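Working notes for the structure below.
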Amino acid sequence: MTQSTPEAGKGPAGIGQEATVPVPAAASGGPVSHAIFRLARLHRMFAGQLLRRIGLHPGQELVMMHLWELGPQRQTDLVRLMDSDAATMTRTVRRLEQAGFVRRRPSPTDKRASLIEPTAASHALRRQVEQVWSHLEDLSTAGLSDEERTAALHTLERLEQNLVRAAAEGDDAGAAGATATGGAA
């Protein structure tokens, strides 16, 4: 079974590329979820290619964006802002520190904590990050009208809200599995 764009064999907006992607039969009950997975994978791949050119890995630019906008932050605050986990943030900050884009300094209000702050080198990087994100936006939305871009953004925001709500309500794969096997959800 395959999930395709409106006409199988024709690329989007006449680009001429095959837009048909095989969808495993087990994923046929979730075509939107499968499309999100494929889109997220491609988006991250392109982001990675563009960011590598300026010495960053995907996700590091988001940490830098928060630091540029908010100023020095405790690592625990970055975890919360990024909806990340402590181990991932530790690795990210360590790599940014090794690259010379952030530094740690003691917190003036909490002697147990340190603040992560952007360096002068990172401020020089900011314009490049903004250009990467603009280019990624152009790649992602090529051929879409302003109205289509607005509608796509609205739809993505609704999908995100649905998942945030499900997470808050404790909805998980276990409930779906129990229903599929005849158990109570």
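The values are calculated or read from the model by the stated rules, or taken from the named source; none is laboratory data. In this text the structure is predicted, and so the values were computed from the model without any measurement. No Cβ is skipped: glycine too gets one built from the backbone with ideal geometry, and neighbour counts run over all protein chains shown. With ligands, DNA and RNA removed, areas are computed over all heavy atoms of the protein, side chains included. Shrake-Rupley method; radii C 1.70, N 1.55, O 1.52, S 1.80 Å.
Here are some notes:
- Of the helices (runs of 4 or more DSSP H) entirely within the range 79-185, those holding at least 1 residues that are open to solvent by less than 50 Å² (accessible area, probe 1.4 Å) and at pLDDT 95 or above occupy 86-98, 120-141, 146-168.
- So L67, is it outside any helix (DSSP H, G or I) and open to solvent by less than 30 Å² (accessible area, probe 1.4 Å): no
- Residue in the range 29-36 that is outside any helix (DSSP H, G or I) and modelled with pLDDT under 95 present: yes
- L156 satisfies every condition listed in (1) out of contact with any helix residue (DSSP H, G or I) (no Cβ under 6 Å at 6 or more places or on another chain); (2) in contact (Cβ under 8 Å) with a residue 40 or more places away in the chain except (2).
- For the range 28-59, a residue qualifies if it is closer than 30 Å to S107 by Cβ, without any contact (Cβ under 8 Å) to a residue 40 or more places away in the chain and open to solvent by less than 30 Å² (accessible area, probe 1.4 Å), and exactly one does: G59.
- The residues on offer are G48, G55, and the sole one that is in a loop (DSSP other than H, G, I, E, B) and closer than 26 Å to S122 by Cα is G55.
- Total residues in the range 126-149 satisfying the condition of being over 20 Å from the mean Cα position of the chain (by Cα) and under 17 Å from G71 (Cβ atoms): the figure is 0.
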